[in-house]
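**Q** Below is the structure I would like to discuss, written out as structure tokens.
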């Protein structure tokens, strides 16, 4: 019996936007802002497109609402990513090494900063810091596996 198969590799696309500010800290922070901000905006675009198609209703008002929401979400997630990348870079420079501990400390500090900026108080800030540190550490370990 004849057999057929498909072989190949799957690679994720890589897009690099380089904005040289002359400062490595700012370069990384801006890079994180742009990349994750774009992901946040695309997420909203997909959700809003689905909602419009599902309801069968597209209007100028809905498109304007979707664009505003895309900008807001993109700016929020871009800012969070920029803070995280900047803090991790700072921790790396202070510690003098690059390892998973930088992600843990960077995640915890970023989570606390973003939570405090969102007018949360006490226990919520601590919980957000622990969560962000755990997620950042898990992502760093997952990156080591690939």
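**Q** Tell me the residue from 38, 81, 108 that is at pLDDT 95 or above and closer than 27 Å to residue 145 by Cα, please.
**A** It is 108.
**Q** Return the pairs, sorted by first residue and then second, in which the second residue is assigned to a helix (DSSP H, G or I), the first residue lies in the stretch 20-37 and is free of Cβ contacts under 8 Å to residues at least 24 places away in the same chain, the beta carbons are less than 8 Å apart, and the residues are 6+ apart or on different chains.
**A** Pairs that qualify, where the first residue is free of Cβ contacts under 8 Å to residues at least 24 places away in the same chain and the partner is assigned to a helix (DSSP H, G or I), are 20/27; 21/27; 21/30.
**Q** Now for a different question. Please state which of the following conditions residue 78 fails to meet, knowing it meets all the rest: (1) without any contact (Cβ under 8 Å) to a residue 24 or more places away in the chain; (2) within 22 Å of residue 26 (Cβ to Cβ).
**A** The one condition residue 78 does not meet is (1).
**Q** Please determine whether any residue of the stretch 1-11 is at pLDDT below 80 and within 24 Å of the chain's Cα centre (by Cα).
**A** The answer is yes; a qualifying residue exists.
**Q** For the condition at negative phi and outside any helix (DSSP H, G or I), what is the one hit in 128, 57?
**A** Exactly one of 128, 57 is at negative phi and outside any helix (DSSP H, G or I), namely 57.
The values are calculated or read from the model by the stated rules, or taken from the named source; none is laboratory data. The shown structure was predicted, so the numbers you read here are calculated from the model rather than taken from an experiment. When we count neighbours, we look across all protein chains shown, and the Cβ atoms used for this are built from the backbone with ideal geometry, even at glycine.
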